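Peer 1: First the structure, which I've put down as structure tokens, then a few questions once you've had a look.
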Amino acid sequence: MLTAILLGFLFALFLVFAGKYFKGRLAVVSALIPLSLFIYFASFIPRIASGEVVTSNYEWVPSFGVNLGFSLDGLSLLFSLMITGIGFLVYVYTSSYLKNHQYLDRFYAYLSVFMGAMLGLVLSDNIISMFVFWELTSISSFFLIGFNNTSEASRKSALTALGITGFGGFSLLAGALLLGSMTGTYSIIEMMTMKEALAGHEFYILAVIFIFGAAFTKSAQFPFHFWLPGAMKAPTPVSTYLHSATMVKAGVYLLMRFTPVLGDTNFWNTTLIVVGAITMLYSAVHTLFRTDLKGVLAYSTISALGILVFLIGLGSQGAFLAAAVFIIVHALYKATLFLVTGIIDHQAGTRNVTVLAGLRKVMMPVAVAGFLAAISSAGIPPSIGFLGKELTYEASTHSTGMVILIVAAIVLTKILLLYAGFVAGIKPFTGKLPEKFTKVTMPGPLMWVPPLLLAILGIVFGIFPSLIESSLVKPVVTALGKDASDIHLALWHGFNTVLILSIITIAVGILLYFILKPSEKLENRIGKLEPVSPESILNKLTYFFGVFSKFWTNVFQNGYLRNYVTTIVLFLVILVGYIFIGNSRLVIDHTKLSQITAYELAVTIILIAGVFYTVFTRSRIGAVAAMGVVGLAICLLFVFYSAPDLAMTQFSIDTLTVILFVLVLYRLPKYLVLSDYKMRIRDGILSLTFGGLISLLALQVLAEPVNSDVGDFYAKNAYIMAHGKNVVNVILVDFRGTDTLIEISVLAIAAIGVYGLLKLRVKSSDRPN
Amino acid sequence: MEILFAIIIGVLYAAGIYMILRRSLVKLIIGIILLGNGANLLIFLLGRITEGAPPIIPEESKVFLEAYADPVPQALILTAIVISFGLQSFAIILVKRAHKVVKTDDLDEMNATDEDS
């Protein structure tokens, strides 16, 4: 199974090297990859249908409990077949659609990575590896959406999609880690056994919110829906693949996958119903106002996703059945409509539905595909769409509570979707062929066969629902944790409420199609609502974030060293001062302190005087000399307090520094006073506060006990282990010899730097004016 | 004496920060040196100061027979002094070069790259 998932990635890698051979006629050969995967997964149908769950486990990071654990059940199988099946048709279609495109090989590589990631996502049993594949789909879809990278709109919408779905990815990771710590496992199968405990867990709501965050962003639920219409900037095969069967369904898949783990609670069901209902209605209404065919399809896709989320929210066996069937229905007709739109765009050069008409005269097979898909989308018998719609209505009429509202919402959505399907699938082909389209020609069979095949499948499954009943649909319901044994799919359900609702839907929908013509006027009208749409709000937020960051940067990263230092010191003073004042118990134990002798006092006075002279003198040489005095005074302090090595080092270094200073002094800038009086006072207060704080801290620390274990170790072993009697030296050259070696290297680097700077000749042309 | 030490450290820190906050390049270097000295003394003090007992094992013995100063802070400070010398010498030469090239001693005039100025 791992090989099957990795095949896409391997092929992409292969294309990096052998891409140039796949640009021309050979491109279609790459479709063998999804085809073979489709056959591979299809071979599992009998095993899965008999109720088996195929699992395989590869250790990845066992210490973290992260394994490449895969499990194939009804749900995964349905998605795998859609991913590879529709993937195959998209591969074939693309070879003609993007024929001789400069970056066709790149396109196939992205597509293959995406397919592999999707397969990994739907097959993962381990949530962490699921997260990894989830992110891979986001990243590869970013490249696919932004494939026309010369267009700014395309890049922008790719970025929006990545931003929104990336946010969802974070949410999924948070949810995964939280669930992992709640259950002690990352395996979803194992989590299912802890369903009761999870529902009562104090973090249950939080975990559900994280999972919802991931699912809603990926599946473009309101208010995260806006990336999906933007993603229509992608080449049509990408839209087909991403929006009919894969990417956007990943969120739906996630919800279904977690239904047996987190579902069946009030919070879970209500949220899904509400969000799903808002999304399906909101975007179904939007389809009325679109003139771009892909815009219509984008909004109808969001609406369909809303229906799925809504059905998962209903949570009954009937609802899951409806969802399973509707996923198949939607994948079939939406992929067809997208492919048809792509053909129209490719051949006629426009997707504007207000000018398209009569194309059946020039491309009959495409018109047939469009018509059949529209029938299926409208839910008119004998298509499988009818079956899907009936089941959806059935599930909503049997919902618990607010039945009228729920049924009304779903019927209204279906009416509007019927309109959308007709606009996309029928409108461009009916009526009189305009003059300018008479020269439009049929595309090659590689392009028109895939949509026609899908459309015909939609009808065949409708007439013979037993084809998918036990092979695909029942295992999905089982995987969602419901008993599926009494399910029987049939086109004719008898004369009942559901049928009446169906008839109303079809009648009103068709009426709407004839009354309402898509027009730019309508599109402009909805454009006025743009400023309050979630997208504009987000854009404004990002804009303000940018302004704020700029302000922040200008204030804090202003390029003045002293401002940085002031900020750091001030922050430190406030922070440490606050803690200090709150917890101070400054007790100085005089008995422990050593006595002050006269010569020590004298050295101290010299030292402080030296510091003051250094700070306040106006002569450079005076300052350097005073600094030398300070260094020598410190040297004496080291002598008094048992540090002969330090004294020697300090003495030589201090001398060297002073010499170096004096040597270059005549070339050094003047010892200027650049700050005004006020600023010096301000800096003085700040420095004195800081210095005082350090003094107090030092005294405070002295009151604490000291641990000298390390020192004792060195002292004890200096002679025994290292045969040296000067412990400080032994530490430096023996115990910590490597550190000293590195220190010497640092000095050597500094020396090279000094040498380089001295020898560097700056050409006059390099000098700034 | 510890109190005097603490005062010295405070003075060195204050002077160091004050000098770093000035706009003159030379003062910046002097500030860094003073601050470094303050930090060294701080480590020295916090390792507890001991009078007249250097951490050197007596000639005739293999181990210490009486109290001795903690050698670890001393080793640390020794390293710090040497490294700070590397820093100081590099900084001094760098300032000299910078002054020669851009002809200013004002740090505030050095905060832009060539393109911006």
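Values in this text are rule-based calculations from the coordinates and carry no lab data. Everything quoted here is computed from the prediction, not taken from an experiment. Glycine gets a Cβ as well: all are built from the backbone with ideal geometry, and neighbour counts include every protein chain shown.
Peer 1: Provide a whole-number value for the mean count of partner chain Cβ atoms within 10 Å of the Cβ atoms in peptide A:727-735.
Peer 2: Details: counts 12, 13, 6, 4, 8, 7, 0, 0, 1.
Taking all residues of A:727-735 together, the mean is 6.
Peer 1: Could I ask something else about it? In nanometres, what is the gap between the two model label sites at A:Ala18 and A:Arg525, each 7 Å from Cα along Cα-to-Cβ?
Peer 2: Simple spin-label model gives 5.7 nm for this pair.
Peer 1: Report, in debye and to the nearest 20, how large the dipole of segment A:598-722 comes out about its Cα centre when Lys and Arg carry +1 and Asp and Glu carry -1 on their Cβ. Please report the intermediate quantities before stating the final value.
Peer 2: Values: 8 positive and 8 negative charges, 164 e Å.
Charge dipole, segment A:598-722, about its Cα centre: 780 debye, nearest 20.
Peer 1: Amide H neighbours of A:Gly379 under 5 Å, counting only residues 5+ apart in sequence or on other chains, H built in-plane at 1.01 Å?
Peer 2: A:Phe386
Peer 1: Give me the angle, in degrees from 0 to 90, between the Cα long axis of helix A:403-425 and the longest principal axis of the Cα atoms of chain A, rounded to the nearest 10.
Peer 2: 80 degrees
Peer 1: Continuing with this model, one more query. Towards the positive end of the charge dipole of chain A, with charges on Cβ (+1 Lys, Arg; -1 Asp, Glu), say which of A:Ile406, A:Ala174, A:Gly385 has the farthest Cα.
Peer 2: So the residue furthest toward the plus end is A:Gly385.
Peer 1: Which of A:Ala722, A:Gly753, A:Ser708 sits closest to the plus end of the dipole of segment A:707-769, meaning its Cα is farthest towards the positive end, when Lys and Arg get +1 and Asp and Glu get -1 on the C-beta?
Peer 2: Selected residue: A:Gly753.
Peer 1: While we're here: For segment A:1-262, with the dipole built from +1 on Lys and Arg beta-carbon atoms and -1 on Asp and Glu ones, taken about the Cα centre, which of A:Ser71, A:Tyr204, A:Leu15 lies farthest toward the positive end?
Peer 2: The residue sitting farthest along the positive end of the dipole is A:Leu15.
Peer 1: What full-extension length gain, to one decimal in nm, is calculated for A:Leu453 and A:Ala199 as 0.36 nm per residue of separation minus the Cα-Cα distance? Display every interim value, and only then the final one.
Peer 2: Values: separation 254, 0.36 × 254 = 91.44 nm, distance 4.46 nm.
The span from A:Leu453 to A:Ala199 would gain 87.0 nm if fully extended.
Peer 1: With only Lys, Arg, Asp and Glu charged, each at its Cβ (+1 for the first two, -1 for the last two), find how big the charge dipole of the protein assembly as shown is about the Cα centre; round to the nearest 20 debye. Let's see the in-between values first.
Peer 2: Working: 59 positive and 49 negative charges, 782 e Å.
Using only the charged Cβ atoms, the result is roughly 3760 debye.
Peer 1: I need the phi-derived Karplus couplings for segment A:134-150: 6.51 cos²θ - 1.76 cosθ + 1.60, θ = phi - 60°, integer Hz, Gly and Pro marked x.
Peer 2: Coupling constants for segment A:134-150: 4, 5, 4, 5, 4, 5, 5, 5, 4, 5, 5, 5, x, 4, 7, 6, 8 Hz.
Peer 1: Starting from the amide H of A:Ser219, placed 1.01 Å from N in the peptide plane, find each other amide H under 5 Å away whose residue is 5 or more places distant or on another chain.
Peer 2: A:Gly251
Peer 1: Something else about it: Based only on the alpha carbon positions, what is the Kirkwood hydrodynamic radius of segment A:57-132, in angstrom?
Peer 2: Numbers: mean 1/r = 0.0718 Å⁻¹.
Averaging 1/r across every pair of different Cα atoms and inverting gives 13.9 Å.
Peer 1: Per residue of chain A, what 222 nm ellipticity follows from adding -39500 (n - 2.57) for every DSSP H run with n ≥ 4, rounded to the nearest 500? Intermediate values should be presented prior to the final figure.
Peer 2: Values: 32 runs with 533 residues, N = 769.
One gets -23000 deg cm²/dmol as the mean residue ellipticity at 222 nm.
Peer 1: Ranked highest first by the average count of other Cβ atoms within 10 Å around their residues, in what order do B:55-62, B:94-101 fall? Please list the in-between numbers first.
Peer 2: Working: B:55-62: 14.8, B:94-101: 17.2.
Ranked from most to least packed, the peptides come out as B:94-101, B:55-62.
Peer 1: Pairs of alpha-carbon atoms within less than 8 angstrom and 6+ residues apart define the contacts here; what relative contact order does chain A have, in percent? Please list the in-between numbers first.
Peer 2: Working: 1045 pairs, mean separation 77.4, N = 769.
Rounded, it is 10 percent for chain A.
Peer 1: Something else: If packing is taken as the average count of other Cβ atoms within 10 Å, what order do A:534-546, A:279-291, A:382-394, A:559-571 fall into, highest mean first? Walk me through the numbers on the way to the answer.
Peer 2: Working: A:534-546: 12.2, A:279-291: 22.5, A:382-394: 26.6, A:559-571: 14.8.
Per-residue Cβ counts within 10 Å, averaged per peptide and sorted highest first, yield A:382-394, A:279-291, A:559-571, A:534-546.
Peer 1: Next question. Multiply the residue gap between A:Arg680 and A:Ala42 by 0.36 nm, knock off their C-alpha separation, and tell me the result in nm, one decimal place. Each step should come with its number before you reach the end.
Peer 2: Numbers: separation 638, 0.36 × 638 = 229.68 nm, distance 8.10 nm.
Separation in residues times 0.36 nm, less the Cα-Cα distance, equals 221.6 nm.
Peer 1: Follow-up. Please give the Cα centre distance for segment A:327-367 versus segment A:15-62, rounded to the nearest Å.
Peer 2: So the separation of the two Cα centres works out to 29 Å.
Peer 1: Describe numerically, in nm with one decimal, the distance between label points set 7 Å from Cα along Cα→Cβ at A:Phe64 and at A:Thr542.
Peer 2: 2.9 nm
Peer 1: Would chain A count as rounded, prolate or oblate if I go by the C-alpha gyration tensor, calling it rounded below 1.5 in a/c and otherwise prolate when a/b exceeds b/c, oblate otherwise? List each step's numbers first, then the result.
Peer 2: On the way: a/c = 2.63, a/b = 2.24, b/c = 1.17.
Because a/c hits 1.5 or more and a/b exceeds b/c, chain A counts as prolate.
Peer 1: Packing-wise, with mean Cβ within 10 Å as the measure, how do A:730-739, A:218-227, A:323-332 rank, highest first? Working shown, then result.
Peer 2: On the way: A:730-739: 17.6, A:218-227: 25.4, A:323-332: 27.0.
Highest mean packing first, the order is A:323-332, A:218-227, A:730-739.
Peer 1: Rounded to the nearest 0.05, what FRET efficiency do A:Asn558 and A:Lys361 give with R0 = 56 Å and r taken as the Cβ-Cβ distance? Could you check?
Peer 2: On the way: r = 69 Å, r/R0 = 1.23.
Once rounded, the FRET efficiency stands at 0.20.
Peer 1: Would you mind getting me the FRET efficiency between A:Thr354 and A:Ile404? Use the beta-carbon distance for r and R0 = 51 Å, nearest 0.05. Don't jump to the answer; show the numbers that get you there.
Peer 2: Working: r = 37 Å, r/R0 = 0.72.
Here the calculated transfer efficiency is 0.90.
Peer 1: Let me confirm one metric for peptide A:692-703, namely the mean number of other chain beta-carbon atoms within 10 Å of its residues' beta-carbons. Walk me through the numbers before you get to the answer.
Peer 2: Numbers: counts 6, 3, 11, 11, 2, 5, 13, 8, 1, 4, 8, 0.
Across A:692-703, the average partner-chain Cβ count within 10 Å equals 6.
Peer 1: State the extension gain, in nm to one decimal, for the chain segment bounded by A:Ser181 and A:Ser708, taking 0.36 nm per residue of separation less the distance between their alpha-carbons. Can you show the working numbers first?
Peer 2: On the way: separation 527, 0.36 × 527 = 189.72 nm, distance 4.07 nm.
Answer, rounded to one decimal: 185.6 nm.
Peer 1: Additional query: What average number of partner chain Cβ atoms lie no more than 10 Å from the Cβ of the residues making up B:53-61? Can you show the working numbers first?
Peer 2: Numbers: counts 2, 11, 15, 11, 10, 1, 1, 0, 2.
Taking the mean over all residues of the peptide, I get 6.
Peer 1: Let me ask something else about it. List the pairs from A:Lys249/A:Lys540; A:Lys361/A:Lys436; A:Lys334/A:Lys482; A:Lys156/A:Lys334; A:Lys20/A:Lys156 whose alpha-carbon separation is above 18 Å, in the order I gave them. All intermediate terms of the calculation are to be shown ahead of the outcome.
Peer 2: Details: A:Lys249/A:Lys540 29 Å; A:Lys361/A:Lys436 13 Å; A:Lys334/A:Lys482 28 Å; A:Lys156/A:Lys334 25 Å; A:Lys20/A:Lys156 29 Å.
Listed pairs above 18 Å: A:Lys249/A:Lys540; A:Lys334/A:Lys482; A:Lys156/A:Lys334; A:Lys20/A:Lys156.
Peer 1: Roughly how far apart, in whole Å, are the Cα centres of segment A:715-736 and segment A:620-668?
Peer 2: Using only Cα atoms to place each centre, the spacing works out to 28 Å.
Peer 1: Less than 18 Å from a label point 7 Å out along the Cα-to-Cβ axis of A:Thr438: which backbone N atoms in segment A:329-345 qualify, by residue?
Peer 2: The answer is none, because no backbone nitrogen lies closer than 18 Å to the label point.
Peer 1: Related question: Work out the length of the dipole vector of segment A:264-518 about its Cα centre, built from +1 on the beta-carbon of each Lys and Arg and -1 on the beta-carbon of each Asp and Glu, and round it to the nearest 20 debye.
Peer 2: Working: 15 positive and 9 negative charges, 207 e Å.
I would put it at about 1000 debye.
Peer 1: Roughly what would the spin-label model give for B:Leu94 and A:Ile621, points 7 Å off Cα along C-beta, in nm?
Peer 2: 2.8 nm
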